[in-house]
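Q: Mind having a look at this structure? Questions to follow.
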Amino acid sequence: MPEGPEMVFLKEQAEQFIGQRVLEAKGAAKNIPYRILVEQELREIKTFGKEIFFCFQGFVLRVHLMLFGKYIFNEEINRELTLGVAFEDGEINFYASDCRVIQEPLSDVYDWTTDVLHPSFDAAKAQQNITRKPDQLICDALLDQTILAGVGNGIKNEVLFRAQIHPESVVGEIPDLQLKSLIRVCVTLSIEYLEWIREGTVPRPWQVYRQKECPRDRVPLRKARLGRPARSCYFCEVCQYLYLPDAL
DNA sequence: GGTTATGTTATTTC
DNA sequence: AGAAATAACATAAC
């Protein structure tokens, strides 16, 4: 569930509660001021990458779904509730999530120019940031949330396929134009992914992620755990070019 | 039943 | 000290 587009979709769903007061807040999450939340008015909802923020007067509730997180509206499921917040017209319940309170202004903590789904995303800056670690593998660079917030393992695999770049390519060896196009695809694919969610497209039309065959070459895809830490990569050895330093 | 997995952080190890 | 590996968290699908 938890790549950037999923969180933007959640924000769109939860925005129905803006302007409403909290009737009840409960859950197992630690360091949440449950009692203080009650009566507070939800002012705004924001996302940054895979995080969502419920903004109240003077503080922000931050939720990250991590790997197994789930949320459900107006219902509880038979599992330990991490955080449930009831508003005047409905409630939202989070499970297996990481929830925190942020006191500082969000703009002191987050830089939205790195969020691929934010209007102020700065592609040129992302390219500079990636190039700053020229020895890194591109499959790792794409998952760096300080460079491309919101890109997860699914988007990573799809983007590399579309840009025809092998996941084990060394960042410093990828030509500028290729890298630029790769970053652009991070944005366009994230937007497409958001559309799939909005339209309820299931299963997601992944081209390579969790797939068996290359849709371009009809060749079996390779699956390998690459990078640090090792993450699943699905790729085509025929059409995805491996950029490596010259041998010898 | 074992393995794997859309993610991040804390701890341990080198 | 600091980088890098490992564990931890918690859940469902294969």
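Quick note: the coordinates plus some simple rules give every number you see, no bench work behind them. Note that the structure is predicted; figures quoted are calculated from it, not measured. Glycine gets a Cβ as well: all are built from the backbone with ideal geometry, and neighbour counts include every protein chain shown.
Q: Restricting to the stretch A:65-83, what's the tally of residues that are surrounded by fewer than 19 Cβ atoms within 10 Å (Cβ to Cβ) and on the phi < 0 side of the Ramachandran plot?
A: 12
Q: Could you list all residues from the stretch A:190-244 that are without any contact (Cβ under 8 Å) to a residue 12 or more places away in the chain and of a type in the set (Val, Ile, Thr)?
A: Selection gives A:Thr201, A:Val202.
Q: Among what's in the stretch A:140-179 and is acidic (Asp, Glu) and within 12 Å of DNA strand B (Cβ to nearest atom), pick the residue that is surrounded by the most Cβ atoms within 10 Å (Cβ to Cβ).
A: By that ranking, first place goes to A:Glu158.
Q: Further, regarding this structure: Among the hydrophobic types (A, V, I, L, M, F, W, C), surrounded by 15 or more Cβ atoms within 10 Å (Cβ to Cβ) and within 16 Å of DNA strand C (Cβ to nearest atom) - does that describe any residue in the stretch A:202-211?
A: Yes.
Q: Among the residues of the stretch A:1-52, count how many are touching a Lys or Arg at 6+ places or on another chain (Cβ under 8 Å), assigned to a strand (DSSP E or B) and of a type in the set (Lys, Arg).
A: Qualifying residue count for the region: 1.
Listed here are the residues, each with its yes/no results for (1) more than 16 Å from DNA strand B (Cβ to nearest atom); (2) farther than 20 Å from A:Leu37 by Cβ; (3) free of Cβ contacts under 8 Å to residues at least 60 places away in the same chain; (4) in contact with a strand residue (DSSP E or B) (Cβ under 8 Å, 6 or more places away or on another chain).
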{"site": "A:Glu80", "(1), (2), (3), (4)": "no, no, yes, yes"}
{"site": "A:Glu88", "(1), (2), (3), (4)": "yes, no, no, yes"}
{"site": "A:Tyr95", "(1), (2), (3), (4)": "no, no, yes, yes"}
{"site": "A:Cys99", "(1), (2), (3), (4)": "no, no, no, yes"}
{"site": "A:Ser107", "(1), (2), (3), (4)": "yes, yes, yes, no"}
{"site": "A:Arg132", "(1), (2), (3), (4)": "yes, yes, yes, no"}
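Q: Follow-up question, since we're still on this one. Between a residue in the stretch A:4-30 that is more than 16 Å from DNA strand C (Cβ to nearest atom) and any residue that is part of a strand (DSSP E or B) and among the hydroxyl-bearing types (Ser, Thr, Tyr), which pairs come within a Cβ distance under 8 Å, given they are 6 or more apart or on different chains?
A: Short answer, once both residue conditions are applied: A:Gly4/A:Thr47; A:Met7/A:Thr47; A:Val8/A:Thr47; A:Leu10/A:Thr47; A:Leu10/A:Tyr71; A:Lys11/A:Thr47.
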